[in-house]
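The values are calculated or read from the model by the stated rules, or taken from the named source; none is laboratory data. Here the structure is a predicted model, which means the values were calculated and not measured. A quick note on method: Cβ atoms are made from the backbone with ideal geometry, for glycine too, and the neighbour counts reach across all protein chains shown. Side chains are part of the model used for accessible areas, which takes the heavy atoms of the whole protein and leaves out ligands, DNA and RNA. Shrake-Rupley method; radii C 1.70, N 1.55, O 1.52, S 1.80 Å.
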Amino acid sequence: MNVSDFSKVFPLGTHLCREPMPAMSEMKHDMELLKREGFNLIKLQENWMLDEPSEGKYDFSRYDELISYADKLGMGIYLGLTCEQAPNWLWEKHPEARMVSRLGLPVAYQAQSTLPCDGKPGPCYDHPGAMADQLRFIGALVKSLGQHENIVVWNTWQEIGYWPEMLIGDHVCYCSNTLMAYCSWLRSLYGNDIQALNTHWNVRYVSFDDIRPERSRRRGCVPQEYYYTYFMDNVQIANVLTERCNAIKAADPFHRPVFAHKGGPAYAAGTDWTYARTQDFLGSSFYPAWGSGHPWDDHKQSKRIQRQDALLTEMWEGLSYRMDHTRNANKPGAPVWAAEFQGGPVSTEFHKGRTPDAADMRRWMLTTLGSGATAISFWITRAEIMAPETNGFALLDSEGDSTERFEEAARIGKAVQKHSSLFNNNNVPKAEVGILLDEWKFQQMGSLACAQEDLMYDVRGWYKLLWDNSIACDFIEAGHILEEEMQAYKAIIVPLPLAMSDKVAHMLEAYTKQGGNLLLEAAPGRLNESAFAVRGEINPILREMLQVSQKSFQLVREPSETDRWSPNERTWGEFADACFLVGDHALSGYKLRANMYLQTLTAASEDHVLFRIGSEAGGVRVPYGKGFAWLIGTYIGPSGTAYKEEDTPRTVIKMLEMCSVQPIHSGKLLVKKRAEGTKEAWFVTNPENMTVTEQIKLLNGKMAVDLLGEPVSQEKDFVEITLDALDVRVLILE
């Protein structure tokens, strides 16, 4: 198998092992087993500390032997780098390459194995010597192993990030090299004009070299702070990714694709868009049974997690939401990899999770494919041998050559490979609804107590509201979308738009003027891009477009005595009572639950008012150019997962209907689609706790067959489907 051959099949793979490697004979046996069951991809994770134990002395012999054996079997290799686990000689050679915490302490952790966390946080590669040695090693590895034609893809970073809060309890990096890089970036950002920065930040620095990030224990919402966190997340890490990618491309004789993957998306943020553009594409890990929702969710209010709630959350959040976010972050048409996919029970320390069965595997794989995955690579082939994850995660147990989860994964993989032309490509149709994310807003809100988590919960809830009703949505990022690209969406939702730059406001104005439907939640642009309050408490560009002024902005109680997201009340009168925004005019008979805050308005015309809070206007819809601008005086997203009731989802569907957006299918069954040429895959999900039978209307002239060979009942343009609770079927239409 070579690179061109591999592109013709759906990549179904598994990570063979993590360091330390088991016996070579065991690994070769497992490779033969995987090949026999239809797996065509093996991941090997190299380890810098083990592969260059002395400076300049490399030992890649183990990889050579395994890669050659895979080639004999006709299998491709997915080779990942672990450069955070640096060799001991690097630390001795460059002691000043240690990262420095927010409080000024050097990070003493020197990884001795891939656990925990693949060596993170690792050296600071802003140190020029450490960076040079890393790139030299990467070049040597790729030049040596790259002679094997069956290597089909390189991975520059296994689960991107430093994870300092989890590993050392503090932020990084504040070493002199990183601080110098920060100042240099600010200099380039402001064209070396310190007065331009002073004006923008409302400060009086003499030189860029004087600027330092906030170092107190509590983060402050000032430009010095969130510009620094933006820099670390979007510039510093992106630079390391870029350098690794360039080093591989310079050394690889066959110019194979290079990617990296996240442990999970940066939800409600924009960093994944940045990372995807440093590589050929970006992937993510998928461990759906590692959790079952957010503490604010309705089903998490009881200590005992119910089966229906847990499995449904795995589907919509752990798989669909995660893959849709990762897919949208990638460049159009780029592959989208589930680069690590749960194969067995989650096992951490002495806490072992449930062992997945065949139904889990079917549900997980088909749901992930429904959101656009072009490859699935399982973690791991045979049960983990290292104590922190002992006997966890694998498709196979510690002994034996089969499990029901392994057989089901192989069965689904073989079925998908029969339609590889449909599943090899990033071909989820563009949605009619876009959810706007903004990395600058995300960073700013990270400096305000609770605001960032509120934002993430709001975005997540919006996704769930749409997922529950077969309404496809795309995530779009303010810094990476062109104004003309926005026009493809019938509606753009802007969740919790507390902070907003005039640049973004102008983009939204132009989108609306050209015929779009702009759905803004409460207090859009209350803060400007420099974290200063806007007079009138609404961005002036949006305020003029909406023809409104603010009357009040107030916290609103939750509909229970047990608060989930609300701060403690400091004194009487801070909170409005729990309530609904009641529909008016075209939305008479509809209502939305008020979450987090309430904003009341003075509207230019009573005809614009669509929601009321008592006698006050609580939401407007204003014609602007060829489109409409909406301002809803609360945050709708939390209603997707907390204090759930029927009125809010019903109203959201009606609002989108007014934007000419219709569900793919109206009923209890949910439908998502992929399309390639004249061929389509329809993913039908039953989210209910009961068997459901429904008719689904197909496109004219299309004939449906079941991906897994189950009988299909079709009469003209309708297919009747019966699905058990939480099951998924895939119809192939031609």
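Listed by position, the helices (runs of 4 or more DSSP H) inside segment 113-207 whose residues that are of a type in the set (Lys, Arg) and in contact with a helix residue (DSSP H, G or I) (Cβ under 7 Å, 6 or more places away or on another chain) number at least 1 are 128-145, 176-189.
Would you call GLU529 in contact (Cβ under 8 Å) with a residue 60 or more places away in the chain and under 26 Å from the mean Cα position of the chain (by Cα)?
It is true that GLU529 is in contact (Cβ under 8 Å) with a residue 60 or more places away in the chain and under 26 Å from the mean Cα position of the chain (by Cα).
Matching residues to (1) over 25 Å from CYS221 (Cα atoms); (2) surrounded by fewer than 23 Cβ atoms within 10 Å (Cβ to Cβ); (3) modelled with pLDDT of 95 or more:
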{"site": "CYS450", "(1), (2), (3)": "no, yes, no"}
{"site": "MET456", "(1), (2), (3)": "no, yes, yes"}
{"site": "SER470", "(1), (2), (3)": "yes, yes, yes"}
{"site": "PRO495", "(1), (2), (3)": "no, no, yes"}
{"site": "VAL504", "(1), (2), (3)": "no, no, yes"}
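Listed conditions (1) of a type in the set (Asp, Glu); (2) under 28 Å from TRP364 (Cβ atoms); (3) touching a residue at least 60 places away in the same chain (Cβ under 8 Å); (4) outside any loop (DSSP other than H, G, I, E, B) are all met by ASP454, apart from (2).
Among the candidates ALA86, ALA70, the residue that is crowded, with 21+ Cβ neighbours inside 10 Å, among the small types (Gly, Ala, Ser), touching a residue at least 12 places away in the same chain (Cβ under 8 Å) and farther than 27 Å from ASP401 by Cα is uniquely ALA86.
Within segment 627-645, the presence of a residue that is within 27 Å of GLY515 (Cβ to Cβ), in a helix (DSSP H, G or I), open to solvent by 60 Å² or more (accessible area, probe 1.4 Å) and at pLDDT 95 or above is excluded. Among the residues of segment 667-705, those identified as loosely packed, with under 14 Cβ neighbours inside 10 Å and of a type in the set (Ser, Thr, Tyr) are THR678, THR691, THR693. Inspect segment 515-536 for any residue being among the basic types (Lys, Arg) and in contact with a Lys or Arg (Cβ under 9 Å, 6 or more places away or on another chain) and give the result as yes or no. No: segment 515-536 contains no residue that is among the basic types (Lys, Arg) and in contact with a Lys or Arg (Cβ under 9 Å, 6 or more places away or on another chain).
Within segment 117-165, the residues that satisfy the criterion of being of a type in the set (Gly, Ala, Ser) and either in contact (Cβ under 8 Å) with a residue 40 or more places away in the chain or within 18 Å of VAL258 (Cβ to Cβ) (or both) are GLY119, GLY122, ALA130, GLY139, ALA140, SER144, GLY146, GLY161.
Are any residues in segment 216-227 buried (at least 16 other Cβ atoms within 10 Å of the Cβ) and assigned to a loop (DSSP other than H, G, I, E, B), and if so, which ones?
Of everything in segment 216-227, those that are buried (at least 16 other Cβ atoms within 10 Å of the Cβ) and assigned to a loop (DSSP other than H, G, I, E, B) turn out to be ARG219, CYS221, VAL222.
Criterion first (in contact with a helix residue (DSSP H, G or I) (Cβ under 7 Å, 6 or more places away or on another chain) and either open to solvent by less than 10 Å² (accessible area, probe 1.4 Å) or within 25 Å of LEU395 (Cα to Cα) (or both)) does GLY76 satisfy it? Here the answer is yes, as GLY76 does meet what is asked. The set of residues in segment 361-390 that are assigned to a loop (DSSP other than H, G, I, E, B) and within 22 Å of the chain's Cα centre (by Cα) comprises SER371, GLY372, ALA373, THR374, ILE380. Every condition in (1) within 24 Å of CYS659 (Cα to Cα); (2) part of a loop (DSSP other than H, G, I, E, B) holds for LEU448 except the one numbered (1). In segment 290-309, the residues that are more than 23 Å from THR355 (Cβ to Cβ) and open to solvent by less than 40 Å² (accessible area, probe 1.4 Å) form Cβ pairs under 7 Å with partners that are at pLDDT 95 or above and not in a loop (DSSP other than H, G, I, E, B), at six or more places apart or across chains, as follows: HIS294/LYS300; HIS294/TYR457; TRP296/TYR457. When you check GLY263 against the structure, is it under 24 Å from ARG460 (Cβ atoms), of a type in the set (Gly, Ala, Ser), open to solvent by less than 10 Å² (accessible area, probe 1.4 Å) and in contact with a strand residue (DSSP E or B) (Cβ under 6 Å, 6 or more places away or on another chain), yes or no? It is false that GLY263 is under 24 Å from ARG460 (Cβ atoms), of a type in the set (Gly, Ala, Ser), open to solvent by less than 10 Å² (accessible area, probe 1.4 Å) and in contact with a strand residue (DSSP E or B) (Cβ under 6 Å, 6 or more places away or on another chain). The strands (runs of 3 or more DSSP E) located wholly in segment 679-722 that include 2 or more residues which are closer than 14 Å to HIS665 by Cβ occupy 679-685, 692-697. Apart from one condition, GLN195 fits all of (1) touching a strand residue (DSSP E or B) at 6+ places or on another chain (Cβ under 6 Å); (2) among the polar types (S, T, N, Q); (3) surrounded by fewer than 18 Cβ atoms within 10 Å (Cβ to Cβ); the exception is (1).
Within segment 121-159, track down each residue that is surrounded by 23 or more Cβ atoms within 10 Å (Cβ to Cβ) and under 24 Å from the mean Cα position of the chain (by Cα). GLY122, VAL153, TRP154, ASN155, THR156, TRP157, GLN158 - these are the residues of segment 121-159 that are surrounded by 23 or more Cβ atoms within 10 Å (Cβ to Cβ) and under 24 Å from the mean Cα position of the chain (by Cα).
I'd like the residue in segment 584-610 that is farther than 18 Å from LYS644 by Cα and assigned to a strand (DSSP E or B) and, out of all such residues, is most open to solvent (accessible area, probe 1.4 Å).
So, considering only residues that are farther than 18 Å from LYS644 by Cα and assigned to a strand (DSSP E or B), the one most open to solvent (accessible area, probe 1.4 Å) is THR602.
Take the residues in segment 243-278 that are among the charged types (D, E, K, R) and outside any helix (DSSP H, G or I), then tell me which one is farthest from GLY446 (Cα to Cα). Within segment 243-278, the match that is farthest from GLY446 (Cα to Cα) is ASP252. Checked against the criteria, THR313 does not count as β-branched (Val, Ile, Thr), within 24 Å of MET232 (Cα to Cα) and part of a helix (DSSP H, G or I). Return the residues of segment 668-678 that are part of a loop (DSSP other than H, G, I, E, B) and either of a type outside the set (Gly, Ala, Ser) or modelled with pLDDT of 95 or more (or both); say none if nothing qualifies. Correct list: LYS668, LEU669, THR678.
Going residue by residue through segment 516-526, is there one that turns out to be acidic (Asp, Glu), open to solvent by less than 60 Å² (accessible area, probe 1.4 Å) and under 25 Å from the mean Cα position of the chain (by Cα)?
yes
Of everything in segment 723-734 that is open to solvent by 10 Å² or more (accessible area, probe 1.4 Å) and assigned to a loop (DSSP other than H, G, I, E, B), the residue that is farthest from SER320 (Cα to Cα) is GLU734.
Once segment 319-344 is narrowed to residues that are part of a loop (DSSP other than H, G, I, E, B) and under 16 Å from SER377 (Cα atoms), the residue that is most open to solvent (accessible area, probe 1.4 Å) is PRO335.
Which of the residues belonging to segment 391-406 are assigned to a loop (DSSP other than H, G, I, E, B) and open to solvent by 10 Å² or more (accessible area, probe 1.4 Å)? ASN391, ASP397, SER398, GLU399, GLY400, ASP401, SER402, THR403 - these are the residues of segment 391-406 that are assigned to a loop (DSSP other than H, G, I, E, B) and open to solvent by 10 Å² or more (accessible area, probe 1.4 Å). Pairs are defined by a Cβ separation below 8 Å, a sequence spacing of at least 6 or placement on different chains, a first member in segment 103-116 that is within 20 Å of ARG212 (Cα to Cα), and a second member that is open to solvent by 80 Å² or more (accessible area, probe 1.4 Å); the pairs so defined are LEU103/ARG215; LEU103/ARG217; GLY104/ARG215.
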